[in-house]
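Peer 1: Provided herewith is a single structure, encoded as structure tokens, for subsequent inquiry.
Nothing in this text is a laboratory measurement; each read-out follows from the coordinates by a stated rule. Here the structure is a predicted model, which means the values were calculated and not measured. Positions of Cβ are generated from backbone atoms using ideal geometry, with glycine treated the same way; all protein chains shown enter the neighbour counts.
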Amino acid sequence: MNPKQSERRRFLKGGAALAGLAAGAIAIPSASGQSLQDAITQAAAQTYEGTPGPAPGQQFDPIYGVRSRYETSGRIGGIGAFHHGPNGEFSRRFLGALTPIQDVMGIITPAALHYYDSHGYIPPDIDPTQHRLLIHGMVDRPMIFTLEELKRLPAITRTHFIECNANGATSGYGSESEATPQITHGLTSCSIWTGVQLSRVLDMVGVKKGASWILAESAEGTRFSKGIPMEKAMDDCLLAYGQNGEAVRPEQGYPLRLISPGYEGIYNVKWLSRLELADSPAITERELYYNTTVEQGRYADNKSRWFRFEMGANSVITRPAGGQRLESHGFCEVTGLAWSGAGAIRRVEVSTDNGRTWKDAELQGPVLPKAHTRFGFAWNWGGEEAVLMSRSTDERGQVQPSLVELGKIWDVDANYLRTHMVGHANAIRPWKVTANGSVYNAI
Ligand SMILES: Nc1nc2c(c(=O)[nH]1)N[C@H]1C(S)=C(S)[C@@H](COP(=O)(O)O)O[C@H]1N2
Ligand SMILES: [Mo]
């Protein structure tokens, strides 16, 4: 078959699949007797002119726009709204919110819906003209930067996800049948970050021989800090002041944050005020609690884990997914997001029969390294019970594990993962579609 013919066949095949779409829209002339001429007359009469406008600041704001009042998707969060504790303990110092990942279109999370994870209450109110970044320690020339000085340096713009290591919970809320993608995977978001390459600034201060770690510290009350290996700092870290075309949001670290692409969320220090170069990791109190796992019994082998860095190959179907309902039989694109801390997503497979058979989904692009990647899969739902799953493979060849495979990685069984909180829970997420169209979490 020549390329033209195969293109035509592809087109015809696509047309046949799309014919099923009529399930959701009304074909004209309609069964109820509406003629095409009626429909055209009706369309011509339809006007939004003269509709009473909404109150100022509600829908229309000439200075800083707001979304339509019909759009109500929002984060779930607040103080103590969810927690990191292995046994479900309530953390008073914790403030956070989950992104409504099922409502995101394409790959970019609107900044107002970006998840946030803050270990010290509400975001600090920082005057950008007063903010300083100090770089010192094992450097030739310690320096202090204002924001303006950083903005004068050559800027770069990169699309990257940030994901908390607690994302993908298979226990607690994440194991309940009513769980939505927001509950199970609402701790990852993807933005377009603009800022200065960290390596460029480090070249300016001059890295001393032997410096192998950088402690990044924030200006908030609790002085959140996290060490990053020098190799990573020199590779692709960013000092970001921009997010999706405007200043980084207060929740995301205004006016300056560190972006450590693909690494655990904690390496992306917000409200960044100090970088200290050293020849060993600082191992702060926080790092003891969050980067190693020392609690007895947390893992079956009772061993602690040393620092973990990259987030693994992951994906989740966001539609149809837990908490949603298919209103009618027929064509329904299965869509979701895939991502990996190791680089670009190479492949996403979808199963509609509980993992018995898998077919390649379409990567809808752009496919960017260490960024959310949108996938789609043409599906016709005939009203049967179905279990939907997605499985991603990244450019390093890492394949997203099943729950059982994830257990093997941590040396625990699948049931342990359903009852205990572990980090890096990138297990394949099954969504069960019941005969009446309701969709449930089936982990
Ligand atoms: N200064 C500071 N940086 C921080 C945190 C914090 O509490 N304070 N939380 C970390 C954690 S645990 C995560 S998962 C990410 C979340 O980034 P986001 O809130 O922009 O989504 O920020 C990290 N950086
Ligand atoms: Mo986090």
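Peer 1: How high is the relative contact order of region 76-290, in percent, counting Cα pairs under 8 Å that sit 6 or more residues apart?
Peer 2: Numbers: 467 pairs, mean separation 48.7, N = 215.
Computed over region 76-290, the figure is 23 percent.
Peer 1: What is the Cα centroid distance between region 312-342 and region 246-265, reported in whole angstrom?
Peer 2: Comparing the Cα centres of region 312-342 and region 246-265, I get a distance of 27 Å.
Peer 1: How are the C-alpha pair distances of region 76-290 spread across 5 Å bins, as whole percents from the shortest bin up?
Peer 2: Pair shares across the bins are 1, 7, 15, 20, 20, 16, 11, 6, 3, 1, 0, 0.
Peer 1: How high is the relative contact order of region 314-441? Use alpha-carbon pairs under 8 Å, at least six apart in sequence, and give a whole percent.
Peer 2: Values: 297 pairs, mean separation 41.3, N = 128.
RCO, region 314-441: 32 percent.
Peer 1: Further question: How large is the dipole of region 76-290 about the Cα centre if only Lys and Arg carry +1 and Asp and Glu carry -1, each at its Cβ, rounded to the nearest 20 debye? Before the final figure, lay out each step's value.
Peer 2: On the way: 18 positive and 24 negative charges, 110 e Å.
Result for region 76-290 is approximately 520 debye, rounded to the nearest 20.
Peer 1: Next up: Please list 401-414, 29-42 highest first by mean number of surrounding beta-carbon atoms within 10 Å per residue.
Peer 2: 401-414, 29-42
Peer 1: I've got another one for you. Going by average Cβ density within 10 Å per residue, which order do the peptides 347-353, 327-333, 163-169 take, highest to lowest?
Peer 2: Details: 347-353: 20.3, 327-333: 15.1, 163-169: 24.1.
The most tightly packed comes first, giving 163-169, 347-353, 327-333.
Peer 1: Could you run the Debye sum over the Cα atoms of region 351-391, one equal point scatterer each and no solvent, and tell me log10 of I(q)/I(0) at q = 0.16, 0.27, 0.32 Å⁻¹, two decimals?
Peer 2: The Cα Debye sum returns log10 ratios of -0.50, -0.98, -1.15.
Peer 1: While we're looking at this one, here's another question. I need to check one value: relative contact order of region 303-376, counting alpha carbon pairs closer than 8 Å and at least 6 residues apart, in percent.
Peer 2: Normalised by residue count, the contact order of region 303-376 is 29 percent.
Peer 1: Sticking with this structure for a sec: Computed over the Cα atoms of region 314-441, what is the convex hull's projected area averaged over all directions, in nm²? Provide the component values of the computation, followed by the final result.
Peer 2: On the way: hull surface 31.3 nm².
Averaging across all directions leaves 7.8 nm² for the Cα convex hull.
Peer 1: Also, quick follow-up: Where does each of 259-266, 136-143 land if you order them by average Cβ count within 10 Å, highest first?
Peer 2: Details: 259-266: 24.5, 136-143: 14.8.
So the peptides 259-266, 136-143, ranked by packing, come out 259-266, 136-143.
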